[in-house]
Amino acid sequence: MQLTTAKTPLPLKCLVIDDEPLARRAIVDFIAQVDFLIAQASCGSALEAQELMRKDNYDLLFLDINMPYLSGIDFLESINQPPMVIFTTAYSEHALEGYRLQIVDYLLKPITFKRFFQAALKAKEWHDLKHQNKEEIGLSDGSMYIKHEDSFVKIQWTSIRYIEGMQNYVKIHTADKNYIIHQTMIAIEDLLPKDHFFRIHKSYLINVNHMSSISGNKVLIHGVQLPIARLRKEALLNDIIYKNLLSK
């Protein structure tokens, strides 16, 4: 019998990534017991997952950390717009890294169904929050409307310097004022033009038009240094910087 919630819209499409077949099968079996999840696919490595994610979209990844060739952490850092992620691992020392990467939850093997269901509920809450809050944000004529305190505020997206993620909140940094709103990084990133905004880190989304330099693992925006993940730096250079140079 599947466990159900009071309201069950379309189930979250899940991708299970684990190099251990038994562990992978256990997660798939757990997913089958929950009505708001569906195991869309599973694979044994991050390299296979990259190929699957090129062909299909997923709402939630159950991601092992210690895998051959490419670890779960390196894999997650390489994704520009990652879906929600729940780490599944036998090693507790990666918990702090998971917090930095803003994952939904961190499951230690062996995983009980009770603990799995708690993590699944949290993922559903994040998903529902994201889609509910999308109704409070919109883009029109180069402007973004946000719900700030008790009113709606219109912000020109060109004035946004960068956006800082703070778990279920984001801080929007502009030239004149900073705004903290109840929103996820993924949701707000979806609304902004991809050719101008780039996720340099799990906690930072920048407007590349305000970027003055890249040096080492730092990006400089109006005198503020922001961290850039190694794989994201390569993507920024290849996808935006070099393309702009070639087009001129």
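The values are calculated or read from the model by the stated rules, or taken from the named source; none is laboratory data. These numbers were taken from a predicted model, which means no experiment stands behind them. All Cβ positions, glycine included, derive from the backbone under ideal geometry; neighbour counts span all protein chains shown.
Name the pairs whose Cβ atoms lie under 7 Å apart, with the first residue in segment 41-53 and within 16 Å of residue 26 (Cα to Cα) and free of Cβ contacts under 8 Å to residues at least 60 places away in the same chain, the second crowded, with 17+ Cβ neighbours inside 10 Å and of a type in the set (Val, Ile, Thr), and 6 or more positions between them or separate chains?
From segment 41-53, the pairs are 42/16; 43/17.
When you go through 128, 56 one by one, which is the residue that is surrounded by fewer than 20 Cβ atoms within 10 Å (Cβ to Cβ), within 21 Å of residue 38 (Cα to Cα) and at pLDDT 90 or above?
Numbers: 128 fails: at pLDDT 90 or above.
The unique qualifying residue is 56.
Can you go through 185, 166 and tell me which one is within 20 Å of residue 78 (Cβ to Cβ) and either in contact with a strand residue (DSSP E or B) (Cβ under 8 Å, 6 or more places away or on another chain) or crowded, with 21+ Cβ neighbours inside 10 Å (or both)?
Values: 166 fails: within 20 Å of residue 78 (Cβ to Cβ).
Answer to the selection: 185.
Take the residues of segment 90-124 that are of a type in the set (S, T, N, Q) and at pLDDT below 90: which is surrounded by the fewest Cβ atoms within 10 Å (Cβ to Cβ)? Please lay out each step first, then the result.
So the first thing to find is which residues in segment 90-124 are of a type in the set (S, T, N, Q), and the list is 92, 102, 112, 118.
Applying the additional criterion that residues be at pLDDT below 90 yields 92, 102.
Working: 92: 9, 102: 20.
It comes out as 92.
Out of the residues in segment 11-47 that are among the acidic types (Asp, Glu) and surrounded by fewer than 17 Cβ atoms within 10 Å (Cβ to Cβ), state the one that is nearest to residue 128 (Cα to Cα).
Residue satisfying both the conditions and the ranking: 35.
Given the options 20, 51, 77, name the one that is modelled with pLDDT under 90 and either under 21 Å from residue 199 (Cα atoms) or outside the structural domain of residue 203 (by TED's automatic domain parsing) (or both). Break it down stepwise before answering.
Values: 20 fails: modelled with pLDDT under 90; 51 fails: modelled with pLDDT under 90.
Just a single option satisfies the conditions, and that option is 77.
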